1. Specify the angular offset, from 0 to 90 degrees and rounded to the nearest 10, of the alpha carbon long axis of helix A:42-51 from the longest principal axis of the alpha carbons in chain A.
2. Quick one: which of B:10-20, B:198-208 comes out on top by average Cβ neighbours within 10 Å, and what's the full order, highest first?
3. Stokes-Einstein D for segment B:7-87 at 37 °C, 0.692 mPa s, Kirkwood Rh over Cα pairs, in µm²/s?
4. Which order do the peptides A:68-81, B:64-77, A:271-284 come out in when sorted by mean C-beta neighbours inside 10 angstrom, highest first?
5. Where the centre of each part is set by its Cα atoms, how far does segment B:28-86 sit from segment A:71-130, in angstrom?
6. Given the convex hull over the Cα atoms of the protein assembly as shown, what projected area results after averaging over all orientations, in nm²?
7. What's the FRET efficiency of residue B:22 with residue B:201 using the Cβ-Cβ distance as r and R₀ = 35 Å, to the nearest 0.05?
8. Angle, helix A:297-310 long axis vs. longest principal axis of chain A, Cα atoms, 0 to 90°, nearest 10?
């Protein structure tokens, strides 16, 4: 990859906890055992991209928990959205859901998460990177995607190039940015799959009690702890698993399967979190509380169409 | 076999699972492959992903442009008058394997359990064509079967942290090859030098669902000639 001065954009000084190149995800390849990948909070990536006039799914940087530090090599417009990870530009606070200018030598540093878990940094035109199977999404476990195609997380001294010299959409402002401070987050679930095999008390509990986000949470899935859910599904034959699937292993504690999930699995499911709920879950810290709320597919479709309409 | 009656189940707002069968049987695969082709054809650009697996196909369509009811109708339409795919539609692969205790520790434990020589286990593992029922777990990892009943072995009670790339194993009545080094609980019998997943290939994966696979035994020298890494299991 070219590293000439003209093309350089950002140099990573500290990779922090976890920083990955992510886009809208890798599709059309699930039957080969290749996972979806893509931004966990695709809505926030979409807003960061929108601020620069990029396509919603253009490649950006997913910064988890903080500690990420980059230095600008050229004058550049960037945009930030998602959780508040205490970003500063040469010590001056940068709030999420804004676009800002950086000059050569300036340092953008992320501190710790004060709300949400993941921040998304967009570059003009997106990050310039060769896609694999239609996507630049980094999947560490599969050794696919990212800067060198081998899936690794960003590391110190990596150079990140922008696909365009100048950002579009200079007049774009987000009037009322989303926040991630709700005490209990309601997560919409499309019910289905093996839900009929759960007993009545378990179904009542699933949708009426609170769930706590467990520390066992990553890009593959998030474990919820709460009431024990029972079902009579027994040993299932493995089948394809959609994004957001709420699967319940024999211990009765659900796991919500996210972007880097395995493509097939054999635990009974209550249904799947909607894509919007998956994005929201991606900002819920361990220990926080959520509720599961059944929602119709029609209603979800309307909400999804409305979300994409905002980015037109 | 008569045409199966598909059941269509909602699994996400933009995803339906088509259930064709209730049991694992190689005779089901021609129907699954036929359904795969018909659904790809019917959905065209609106298809995002289609994942066949044993008894089902999971169909992820563009939920912004298609509603659930419309998508169900399209599935019913696509699967009317389904006829099973012919044998030629799946591809056939021969995979050379160096079966040896050093790279396949369970070769000996399985032989001891059955009271036969390891050579007998090798002969029986190589005796039949296996069908790739589904790909999952990792890119290019094919769940193949069925191995004969007597060779069926439960997964290790404690999975290994690192199973080397190319390891060939058995779990219950299924057999598989690890495309890349990963954790895993299958009973390992040997190792192949054949690459299963390569980013530079057009489809990246050597196997597709419905492919047929036969293993053939090779010696250590041939394995090394083919580019295999003979490092014993324990030290990797």
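Read-outs throughout are calculated quantities, based only on the coordinates presented, and are distinct from any laboratory measurement. Fair warning: this is a prediction, and the values are worked out from it, not measured in the lab. Every residue, glycine as well, gets a Cβ built from its backbone with ideal geometry; the counts of neighbours run over all protein chains shown.
1. Approximately 30 degrees, to the nearest ten.
2. Put in order of decreasing packing, that is B:10-20, B:198-208.
3. 260 µm²/s
4. Answer by packing, highest mean first, reads A:271-284, A:68-81, B:64-77.
5. 42 Å
6. 25.9 nm²
7. E between residue B:22 and residue B:201, to the nearest 0.05, is 0.50.
8. The answer is roughly 10 degrees.
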